[in-house]
Amino acid sequence: MGVAPVVPETGLAFLLVAAIGGLAIVLDHVVLTARMPLLAGVGLVAVSLIPTIAIPSDVDVVAFVLLAAALLFLLRVDTRARTATETRARSPHLFGVSATALGVAAVAVIVAIVATPLLPQPGLRFATGGTGGVGTTINPNLELGNDLRQPREVDVLTVRTTAPTAPYLRAVTLSTFDGTVWQPDSSDTVPVPTDGPVFDAPAVDGDITLADWTTTVTVDQLDSPWLPVPYPASTVSGLTGDWLGMPQNRTVVTRAGSTRDQVYEVQANVPRPTLEQIRARSTGGSGVDASLSALPADVPAVIGDTAREVTAGAQNPYDQLIALQSWFRGSSFRYSLDAPVDAGFDGAGLDAVADFLQVKAGYCVHYASAFAVMARTLGIPSRIVIGYLPGTASSIPQQGGTEYTVSSSQLHAWPETYFEGIGWVPFEPTNSLGVPTNFASGTTGGGTTAPTTPEEDAAAPDAAPSAAPSQA
């Protein structure tokens with residue numbers, strides 16, 4: 001039948017309706033025949049937990065209130081059943097039980113209404129939109145396989161940009177790696193003003209050129225607390241609701257609102273070094289947190305050995321990274337959503353990376369994690385970004401920029417590495433997707449070109465660095 005959320009087809013709808021009808025008959029028997037209404041309540045709770053376990057999301061106040069009302073009704077039925085044969089002298093006690101039940105109901109409703117908006121977002125997992133259907137959920141914990149394996153795709157964003165190539169739109173960065181899981185970054189936030197910059201301009205070296213680009217995003221079918229933005233954003237305008245910016249990684253989030261139906265404009269100041277400039281830069285430095293290069297002690301030998309073998313002969317960190325990128329995009333690797341599941345390594349941990357390097361087949365999560373871990377074995381700070389590929393051009397270039405349509409199938413993960421005096425630079429190791437990062441000699445623009453094959457219908461990260469220096 002597939003993975004959650006599945007497509008609401010006719011057959012599935014029939015099975016669900018039949019299951020609900022069967023459950024109603026069973027509960028009716030439990031309550032009226034077996035006279036165990038509280039046991040029926042256990043069944044109601046179990047059924048209500050299934051959607052939450054399958055697709056973690058925000059608390060649904062209405063569903064919670066209805067469930068509480070059903071449980072209280074069953075409690076009342078149980079109370080009446082147990083006291084029906086008692087004498088009239090017990091009636092004050094019955095009234096007390098009823099009053100207690102009503103009091104509990106009132107408290108439950110009040111707590112649900114007041115406390116739910118104050119609850120934190122569940123695990124940084126994006127909520128599924130009510131009308132968005134398939135593809136409106138993003139999992140920033142690098143569990144993207146289920147989303148990418150959906151049988152149907154929908155348009156989630158429309159992007160218009162003045163940049164020469166459409167930028168990636170990021171939702172969240174992941175920097176902390178314990179050998180099993182990449183943890184989403186969290187940091188102090190600042191309010192997004194209605195006008196004026198959210199973030200300072202990138203703090204790059206004086207000889208690095210900055211290009212100013214404007215990107216307008218229209219949200220079609222994405223319901224998320226995280227705002228997809230190009231990087232490095234400086235100004236975000238046009239949003240409705242209360243939004244917060246994270247200066248540490250230049251992402252934008254809301255605690256109570258949603259991306260649904262938002263139309264916003266982002267100004268980005270993108271560093272544009274030449275090939276010679278980036279080759280001359282070191283990675284790391286005193287301004288970079290050591291955790292960005294940290295790895296557990298039990299890294300499988302195949303990972304470090306392979307990284308050193310692939311980059312042998314490279315004279316600087318940039319050439320090492322280009323060697324890794326070219327190796328992953330070579331003919332020995334292939335893009336596959338099924339191979340990791342079939343081979344039992346569908347994850348981003350060290351064991352999954354080691355297996356991926358042997359099988360040489362996987363999707364963006366495996367390429368991004370392997371690249372980031374191998375970069376760290378070489379002493380290069382790295383992190384992973386979750387967001388969207390730029391999509392497919394839906395208009396010809398004009399004065400207001402080129403328009404792109406982003407679909408749910410373009411949910412993506414890619415690695416970034418840090419260069420001193422330049423910032424975070426994206427790379428595209430995923431085989432057969434996007435355009436690889438490649439800086440041109442003696443120019444201030446990257447050497448990327450637009451995709452020309454059907455498999456490469458979404459541009460890769462722009463060859464320019466995607467961030468100012470930061471610690472996350």
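Out of (1) over 30 Å from Gln315 (Cβ atoms); (2) free of Cβ contacts under 8 Å to residues at least 40 places away in the same chain, what's the single condition that is false for His366?
(1)
From the set of residues in segment 266-313 that are of a type in the set (S, T, N, Q) and surrounded by fewer than 16 Cβ atoms within 10 Å (Cβ to Cβ), which is farthest from Gln248 (Cα to Cα)?
Taking the candidates together, the pick is Ser282.
Kindly establish whether Arg376 is at pLDDT 95 or above, touching a helix residue (DSSP H, G or I) at 6+ places or on another chain (Cβ under 9 Å) and surrounded by fewer than 23 Cβ atoms within 10 Å (Cβ to Cβ).
For Arg376, the condition - at pLDDT 95 or above, touching a helix residue (DSSP H, G or I) at 6+ places or on another chain (Cβ under 9 Å) and surrounded by fewer than 23 Cβ atoms within 10 Å (Cβ to Cβ) - is met.
How about segment 379-402: which of its residues are assigned to a strand (DSSP E or B) and crowded, with 22+ Cβ neighbours inside 10 Å?
Correct list: Ser382, Arg383, Ile384, Val385, Ile386, Gly387, Tyr388.
When the residues of segment 155-178 are narrowed to those that are over 28 Å from Thr392 (Cβ atoms) and out of contact with any Asp or Glu (no Cβ under 7 Å at 6 or more places or on another chain), which ends up surrounded by the fewest Cβ atoms within 10 Å (Cβ to Cβ)?
Checked segment 155-178; the qualifying residue surrounded by the fewest Cβ atoms within 10 Å (Cβ to Cβ) is Asp178.
Among the residues of segment 410-426, write down those that are closer than 21 Å to Asp220 by Cα and surrounded by fewer than 20 Cβ atoms within 10 Å (Cβ to Cβ).
none
Which is in the same structural domain as Leu169 (by TED's automatic domain parsing) and at positive phi, of Arg255, Arg260, Arg250?
Arg250
Run down Ala393, Ala361, Ala370, Ala354 and say which single residue is at pLDDT 95 or above and either outside the structural domain of Gln267 (by TED's automatic domain parsing) or in contact with a Ser or Thr (Cβ under 7 Å, 6 or more places away or on another chain) (or both).
Criteria check complete, one pass: Ala361.
Before we move on, is Gly179 more than 29 Å from Tyr367 (Cα to Cα), in the same structural domain as Pro296 (by TED's automatic domain parsing) and outside any strand (DSSP E or B)?
no
Based on what the data block shows, is Ser326 assigned by TED's automatic domain parsing to the domain that holds Leu411 and either assigned to a loop (DSSP other than H, G, I, E, B) or crowded, with 20+ Cβ neighbours inside 10 Å (or both)?
Judged against the criteria, Ser326 is not a match.
The values are calculated or read from the model by the stated rules, or taken from the named source; none is laboratory data. Just so we're clear, the structure is a prediction, and the values are computed from it rather than from any experiment. Every residue, glycine as well, gets a Cβ built from its backbone with ideal geometry; the counts of neighbours run over all protein chains shown.
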